[in-house]
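Just passing along the structure, written as structure tokens.
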Amino acid sequence: MLSRSSFTSLVVGVFAVYVVHTCWVMYGIVYTRPCPAAADGAAGGCVWPYLARRPKLQLSVYTTTRSSIGAESNIDLVLNVEDFDIESKFERTVNVSVPKKTRNNGTLYAFIFLHHAGILPWHDGKQVHIVSPLTTYMVPKPEEINLLTGESATQQIEAEKQTNALDEPVSHWRSRLTLNVMVEDFVFDGSSLPADVHRYMKMQVHGLILVQLGKTVHYLPILFIDQLSNRVKDLMVINRSTTELPLTVSYDKISLGKLRFWIHMQDAVYSLQQFGFSEKDADEVKGIFVDTNLYFLALTFFVAAFHLLFDFLAFKNDISFWKKKRSMIGMSTKAVLWRCFSTVVIFLFLLDEQTSLLVLIPAGIGAVIELWKVKKALKMTIMWQGLRPKFQFGAYNDSEKKTEEYDAQAMKYLSYLLYPLCIGGAGYSLLNVKYKSWYSWLINSFVNGVYAFGFLFMLPQLFVNYKMKSVAHLPWKAFTYKAFNTFIDDIFAFIITMPTSHRLACFRDDVVFLIYLYQRWLYPVDKSRVNEYGESYEEKSKKKA
């Protein structure tokens with residue numbers, strides 16, 4: 001059986017292998033081996049860029065309710081860019097007519113053609129095109145109202161909301177369309193074309209776009225739609241009365257390395273949606289890639305990996321500490337109860353706010369662990385009498401009762417400040433803030449109290465430490481890993497979309513951990529002190545000797 005130290009070393013070793021493997025995979029994505037024969041000017045086996053001939057191109061965007069078109073019938077031209085320059089970035093907003101079929105929860109598609117100037121796309125044998133839906137289906141956000149007056153944020157209530165259930169997905173308009181063209185004059189090796197780029201080098205149903213020009217083989221321009229830029233915040237609900245909607249078409253060139261990276265990221269987001277992630281959950285992941293600088297994004301990958309490692313080690317050491325815990329000497333029971341209550345409230349708040357699963361899942365796991373720790377702290381046993389549970393609580397010894405006295409004394413002082421602040425904040429929000437329901441107000445009031453004043457409930461443990469002049473009873477390994485994760489959370493607070501109160505709470509925890517570290521320095525461990533098992537550090541050293 002592996003010891004704890006060897007198990008931790010195994011986990012760290014697996015983590016190091018994972019990081020090295022990830023770096024190697026990322027290198028393989030952004031770096032593409034060019035055709036060896038291209039350096040000698042030979043054409044054999046190489047696929048050359050058609051854009052190197054600098055043809056005059058034209059960009060055309062059409063809309064239609066059909067997913068495929070065979071001619072120019074039943075399509076609308078919404079944007080036409082003559083003398084299209086692949087090196088020049090642009091952004092244009094156009095009004096798109098919404099057909100009746102689309103207004104009745106139908107789908108509208110955009111066909112983007114890149115073709116030779118002066119020639120219609122379906123008459124150009126060397127045109128490339130790509131299709132993207134301009135609509136998506138999503139459950140609309142519930143309307144927020146003032147719970148006392150019933151006043152809504154918008155006085156106009158749509159007729160559809162009266163007939164459709166709130167949990168029924170409705171058609172939403174994608175107001176942004178982001179296009180890219182790979183502009184590098186890169187010469188591919190025909191025998192080892194990257195599979196990811198290969199998909200975007202196809203023309204209709206003819207497979208790979210290869211154009212025989214003399215003795216050389218050329219690939220036509222690679223047109224790409226950046227689906228990661230389609231954010232939930234840009235979606236607009238399509239009403240039956242809507243006849244026109246704005247569409248912002250933006251274009252920018254893209255390098256081969258970034259193109260391949262973006263393709264893999266889009267595939268990853270699609271896989272998350274197949275595994276049950278909602279549109280909003282996937283949008284949080286998109287935001288990490290789109291709203292973050294690429295160099296900062298690379299740093300984020302490593303930070304996220306270390307966050308995962310420290311989360312695992314913190315959970316492991318915390319569970320190990322409480323599993324062996326037989327006495328509550330020096331431990332604030334009130335702090336354990338409050339931490340459990342606040343963790344459960346935060347989880348319910350994040351669930352009510354439909355927060356990203358990236359934040360929700362760790363919060364849920366933490367809530368379960370805190371509930372288990374309360375059971376240990378109260379020495380609670382559950383006896384089942386049929387289907388009815390019966391709770392029994394263990395007795396405290398004299399030392400534990402002394403700790404409880406310090407704990408109760410700290411809570412008495414805190415209650416004078418904490419309760420009026422929480423009640424006042426709940427009353428203010430009820431009068432001035434709009435909520436979806438009374439449950440939403442209750443959860444928000446609790447969580448605002450937790451976020452704003454929750455750190456005060458960590459003070460009883462600091463008070464107990466002060467009275468006992470000791471911190472030896474605390475799970476310092478778990479504290480250390482949680483401290484690392486707290487500083488990592490400070491970075492994620494600027495990257496992952498989350499409620500502002502949750503973001504501020506990340507920085508609040510920094511102050512608490514610094515106070516704990518100060519107490520550890522102020523009250524050094526007494527190695528001659530006997531612990532709850534009747535042993536001291538010095539006795540253990542003598543036994544080992």
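Nothing in this text is a laboratory measurement; each read-out follows from the coordinates by a stated rule. All figures in this text were calculated on a predicted structure; none of them were measured in a lab. Neighbour counts run over all protein chains shown; Cβ positions are idealised from the backbone, glycine included.
Hey, which of these cross-link pairs are over 20 Å Cα-Cα: Lys325/Lys401; Lys286/Lys434; Lys325/Lys402; Lys325/Lys375?
Over 20 Å Cα-Cα: Lys286/Lys434.
What's the ranking of 169-178, 7-16, 399-408 by average number of surrounding C-beta atoms within 10 Å, highest first?
169-178, 399-408, 7-16
In debye, nearest 20: dipole of the stretch 53-136 around its Cα centre with unit charges on the Cβ of K, R (+) and D, E (-)?
260
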